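The values are calculated or read from the model by the stated rules, or taken from the named source; none is laboratory data. Everything quoted here is computed from the prediction, not taken from an experiment. Here the Cβ positions follow ideal geometry from the backbone for every residue, glycine too, while neighbour counts run over all protein chains shown. The area values use the complete protein model at the heavy-atom level, side chains included, leaving out ligands, DNA and RNA. Shrake-Rupley method; radii C 1.70, N 1.55, O 1.52, S 1.80 Å.
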Amino acid sequence: MLILSMAITGMVDALNDEHSGYIRPALYEATTDFSGEFSGIGVTIRTNPQTEEIEVVTVIPNSPSEGVGVESGDVFFEVDGENIVGMSQAELVTLVPGPRGTTVNITFKRGDELVNFDIVRDVFELPNVSYEIVGDNIAHIGMLDFNAVSRSQLDEALREVDINNTNGLIFDLRGNPGGTLASAIEVGSAFIEDGVLLR
């Protein structure tokens, strides 16, 4: 099994495509929860394309991370004493989330300093959809991924911005890595009522 996994990894890496990668079955099971609820520390992350470091993008309001002082831009350095430099996001996600009430110790790089936090994991709903009115009465709606609550949160956002009385809509999917096909169809159906949505 190990040889097969290494062979598949090599074939996918040979594509030299930043959007393609092989996720081992155990990692896949740990990273494919699209329920919209999460048990963890309360951050969204990305891999910086220049440094290849995994950094915090958003600290979710009222989350354990916000409570201890984690900041956007903090770079993961160690998790429970294990150096994570060179790890993929899929590998990191097997270390950081965990059962509600358990504690994880994380060291971040913040500029030239290392900052350390003991963070008690909790369960919370991910704020997947954000919205605001910008410019000349233009609705701006962002969506972090496609999960089980994306459509209901989108519908709420459209109501809150009173979409029928705006001058336009920017539907912002920058940084959205995807999610479930069913959710993507639900979201697309909010804008395309008839005809072929996907083929």
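Quickly run through the stretch 93-136 and pick out the residues that are among the aliphatic types (A, V, I, L, M), outside any strand (DSSP E or B) and touching a helix residue (DSSP H, G or I) at 6+ places or on another chain (Cβ under 7 Å). Don't jump to the end; show me each part of the working.
Residues of the stretch 93-136 among the aliphatic types (A, V, I, L, M): 93, 95-96, 104, 106, 114-115, 119-120, 123, 126, 129, 133-134.
Next, only the ones that are outside any strand (DSSP E or B) stay: 93, 95-96, 126.
Passing the criteria: only V93.
Inside the stretch 180-199, residues that are under 15 Å from L154 (Cβ atoms) and either part of a helix (DSSP H, G or I) or of a type in the set (G, A, S) (or both) make up a count of 9. No other residue among G135, G111 is more than 20 Å from S72 (Cβ to Cβ), small (G, A, S) and exposed (fewer than 13 other Cβ atoms within 10 Å of the Cβ) apart from G135.
If you go through the stretch 151-170 and keep only what is part of a loop (DSSP other than H, G, I, E, B) and surrounded by 14 or more Cβ atoms within 10 Å (Cβ to Cβ), you end up with V161, T166. Name the single residue, out of those in the stretch 164-186 being modelled with pLDDT under 95 and of a type in the set (A, V, I, L, M), that is nearest to G21 (Cα to Cα). Going through the qualifying residues, I end up with L181.
Scanning the stretch 1-49 for residues that are part of a helix (DSSP H, G or I), under 21 Å from G98 (Cβ atoms) and either of a type in the set (A, V, I, L, M, F, W, C) or modelled with pLDDT of 70 or more (or both) yields A26, L27, A30. Among the conditions (1) open to solvent by 60 Å² or more (accessible area, probe 1.4 Å); (2) modelled with pLDDT under 85, E52 misses just one, which is (2). Being hydrophobic (A, V, I, L, M, F, W, C), surrounded by 14 or more Cβ atoms within 10 Å (Cβ to Cβ) and within 15 Å of S189 (Cα to Cα) is a property that holds for A148.
Looking only at the stretch 171-191, residues that are open to solvent by 80 Å² or more (accessible area, probe 1.4 Å), closer than 23 Å to V134 by Cα and of a type in the set (A, V, I, L, M, F, W, C) come to 1 in all.
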